[in-house]
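The values are calculated or read from the model by the stated rules, or taken from the named source; none is laboratory data. The structure displayed is predicted, hence computed values, not measured ones. All Cβ positions, glycine included, derive from the backbone under ideal geometry; neighbour counts span all protein chains shown.
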Amino acid sequence: MFSDWLSERACCDAILEHASPNEVCCMLFSSDISIALTISIVIGCPSVVLCADFHRDVKPLLREYCIKCHSGKDANGDVDFSAVKTKDDVDAAFETWESVVGHLHAGTMPPEDEPQPEDKERNRIFVWYEDFVDNIEARPAVFRPRRLSVTEYRNTLQSVLGFDLQVAIIEAEQTVAERSMVIKLLPTDPPGRSGFRNDTHQNPLTTVVWDQYSFLIDSALEQLFSPERRTQLNVFTGTISDNRITIEQAERLLRTFLLRAWRRTVPAADVEQIVSRLQDRNRQELVAALKFEMKTVLMSPAFIYRGLLTSGQHGKRQPVDTFELAERLSYFLWADMPDDQLLFLAADGTLTEPTVYAAQIDRMLMSPKARNLANDFATQWLSLNEIEHVSDNVPQMVALKSQPIDFMHYLFTEDRPLLELIDSETAFISPHTSRMYGADARQLTKYVKQKGIEVEIVPNQKIHLEHTTERGGILTMPGVLAMNKGPIQRGTWVLERILGQALPEPPADVGQVPPNNGAENLTFRQRFEQHRSNPSCAVCHNRIDPLGFALQDFDNGGQYLRSRNYRAPKRRKRDEESADANSEIDTSGRLPSGETFEDIAELRRILTTSQSETVIRNIVERTMSYALCRQLMIHDRPTVNSIVEQMKQDNGTWRDLFHAIANSVPFRETILSADN
């Protein structure tokens, strides 16, 4: 190999002796990639890709091999290469280029029945992409106002006032009903471009929402000044005598209230201006005046929106101020406003000290509020709300849904490795799911049912998996399997949620897997192979199917088909995507990378070893996108790459990841636009 390099070096020396730098750059893309790399070493370039150009080296190849299917309004997979015309277009499509390179490496694009680029042409794209990635500079995003999501609004209003607004509900025993007045009245936030509901940049403040805010605030303030909420009111005013608030107590209330509502120290002049409007009020008028001033604050943009009061120089990259940093941290880890300790540290400026900042992250992860990471972030990322549709038996449904949420909370708060998401010896089960865990269910504390209740909701208990080797990790949890019925849904879920690979919408005429005809005795998988024979369909199915069929040892309810005590559902609906429990189950597969496996255990091993970087990258990207409340941009890529590398090298834990994101450039810095 060394002699080969010497011959390439001699070739390069001859080229460099007679060619200008510009000519060398052009030669790089008409030569073998190894010679190109050698030239870059000889001339001292950090990489040959300094010479790469999209319009010269990549666009002609896209036009020749890709644009036939990927152009115009009906472009396959919504990828329109004809729309890429400027440098900004190229930058904005950075996720597309990552996908293109992945397809070229895996040989999944162009389709088999289409002309294929030569290796030299593929290398040209690889060289350009390396240049594209290497020359991205990490920087923060330009600040954009964002309204509190419904969950954040509910939590923040509760933290400001000290109690949750609830509606009175008459419900049957062992049912689950939403009691939060905020959740019931406000429209559900649609997922933003990031895929998360806290990404509310495109979610306008409508008159309907404004009216609901007004109603909620009126209800909250009415409760705060009622006798039933005297304890919460005393937190603001001190002990109230004779059921009458004094002017001094009213002023004290407003000062504390303003700090909480605006989540930062309020200038003394602003406080005095509000307090002055309370002067000369008699005791009967004072409470009404207080309610008016408090409603004005709670209906203000400074309360409803994040970061509108942030300070700094416009048009300049800079660290966020300490109060904004406290907000970013608390809404990331708690989906709630900063507590008194965070606000105090922000006020005295010590929050930015490395040891103080790190200690606060650890403290927050140990807080009960950190449960929101699992309830909000993990539930949205892994689409766990879909489990609510798998059973009409409420206690059973709650058991299936709470299991992965408890598991994710355990990973997040107990400093567990990132890859334990895929393969873990820890599980959370209850009497409703215990039969799926065989001998390991004996670890449960004995359950005694209450008298007069046939079925009840029971909390999960933590167990160690010793005998149930088919389980372990998020992929094989009964609720996750039950919400994804059949190999296509399961494979798609793993591909998108765990590996972070987007799929285009299936063709409208995709049809169903046909049943056996006449004397045929084909397994579902054999019939499916006939169904997906279309090369254009096979491009996606080659990625989906191996992952989905690896999980076909489990039925549509998440039960393990090979278990000795397997019990088929009493009412089994006809489902062409389900494997028959009595037929031969083939869980083997081959990934686009060429790696093969026989069952889910071997697939888990691949995902945690050779494919671990793909899994870790998706975890980092999803977590960072949630933390930043926005879609990741091209300038976030260096930060993502750095954190991925750190997690790989150190066998990073979820705690390590939260610290890394909270200390990253896009999290701790901002650019205030001239329009702010």
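Can we say GLU222 is exposed (fewer than 15 other Cβ atoms within 10 Å of the Cβ), modelled with pLDDT of 95 or more and of a type in the set (D, E, K, R)? So GLU222 passes the test. When every residue of segment 554-571 is checked against the conditions, at least one turns out to be under 23 Å from PRO478 (Cβ atoms), within 25 Å of the chain's Cα centre (by Cα) and either of a type in the set (A, V, I, L, M) or modelled with pLDDT of 90 or more (or both).
Please work out which residue is nearest to THR310 (Cα to Cα), limiting yourself to segment 256-272 and to residues that are assigned to a helix (DSSP H, G or I) and touching a residue at least 40 places away in the same chain (Cβ under 8 Å).
Quick first cut of segment 256-272, residues assigned to a helix (DSSP H, G or I) only: 256-262, 268-272.
Subset that is touching a residue at least 40 places away in the same chain (Cβ under 8 Å): 257, 259-262.
Numbers: PHE257: 19, LEU259: 14, ARG260: 15, ALA261: 14, TRP262: 11 Å.
Here the residue is TRP262.
When ARG154 is tested against (1) part of a helix (DSSP H, G or I); (2) of a type in the set (Lys, Arg); (3) surrounded by fewer than 14 Cβ atoms within 10 Å (Cβ to Cβ), just one condition goes unmet, and that condition is (3). Of all the numbered requirements in (1) assigned to a loop (DSSP other than H, G, I, E, B); (2) closer than 27 Å to ARG154 by Cα, ILE245 misses one, and that requirement is (2).
Which of (1) β-branched (Val, Ile, Thr); (2) part of a loop (DSSP other than H, G, I, E, B); (3) in contact with a Lys or Arg (Cβ under 8 Å, 6 or more places away or on another chain) does THR239 not meet, given it meets every other one? Of everything listed in (1) β-branched (Val, Ile, Thr); (2) part of a loop (DSSP other than H, G, I, E, B); (3) in contact with a Lys or Arg (Cβ under 8 Å, 6 or more places away or on another chain), THR239 misses just condition (3). The residues in segment 589-605 that are part of a helix (DSSP H, G or I) and either surrounded by fewer than 18 Cβ atoms within 10 Å (Cβ to Cβ) or within 17 Å of the chain's Cα centre (by Cα) (or both) can be counted, and the count is 3. Can we say PHE412 is over 25 Å from SER625 (Cα atoms), touching a Lys or Arg at 6+ places or on another chain (Cβ under 9 Å), crowded, with 20+ Cβ neighbours inside 10 Å and touching a residue at least 12 places away in the same chain (Cβ under 8 Å)? Spelling it out, it is not the case that PHE412 is over 25 Å from SER625 (Cα atoms), touching a Lys or Arg at 6+ places or on another chain (Cβ under 9 Å), crowded, with 20+ Cβ neighbours inside 10 Å and touching a residue at least 12 places away in the same chain (Cβ under 8 Å). No other residue among VAL275, VAL266 is aliphatic (A, V, I, L, M), closer than 29 Å to VAL142 by Cα and out of contact with any Gly (no Cβ under 7 Å at 6 or more places or on another chain) apart from VAL266.
Whether a residue is buried (at least 19 other Cβ atoms within 10 Å of the Cβ) and free of Cβ contacts under 8 Å to residues at least 40 places away in the same chain was assessed, and PHE303 does not pass this test. The residue that is nearest to HIS635 (Cα to Cα), among those in segment 119-140 that are at pLDDT below 85 and assigned to a loop (DSSP other than H, G, I, E, B), is ILE136. Counting the residues of segment 330-386 that are crowded, with 16+ Cβ neighbours inside 10 Å, farther than 21 Å from LEU148 by Cα and acidic (Asp, Glu) gives 1. For segment 80-103, the set of residues classified as modelled with pLDDT of 80 or more and within 24 Å of LEU591 (Cα to Cα) consists of THR96, VAL100, listed by residue number.
At pLDDT 95 or above, more than 26 Å from ARG139 (Cβ to Cβ) and surrounded by 17 or more Cβ atoms within 10 Å (Cβ to Cβ) - does that describe any residue in segment 615-629? Checked against the condition, which is being at pLDDT 95 or above, more than 26 Å from ARG139 (Cβ to Cβ) and surrounded by 17 or more Cβ atoms within 10 Å (Cβ to Cβ), segment 615-629 yields at least one hit. Residue count for segment 447-463, restricted to those that are exposed (fewer than 11 other Cβ atoms within 10 Å of the Cβ) and either under 27 Å from the mean Cα position of the chain (by Cα) or not aliphatic (A, V, I, L, M) (or both): 5.
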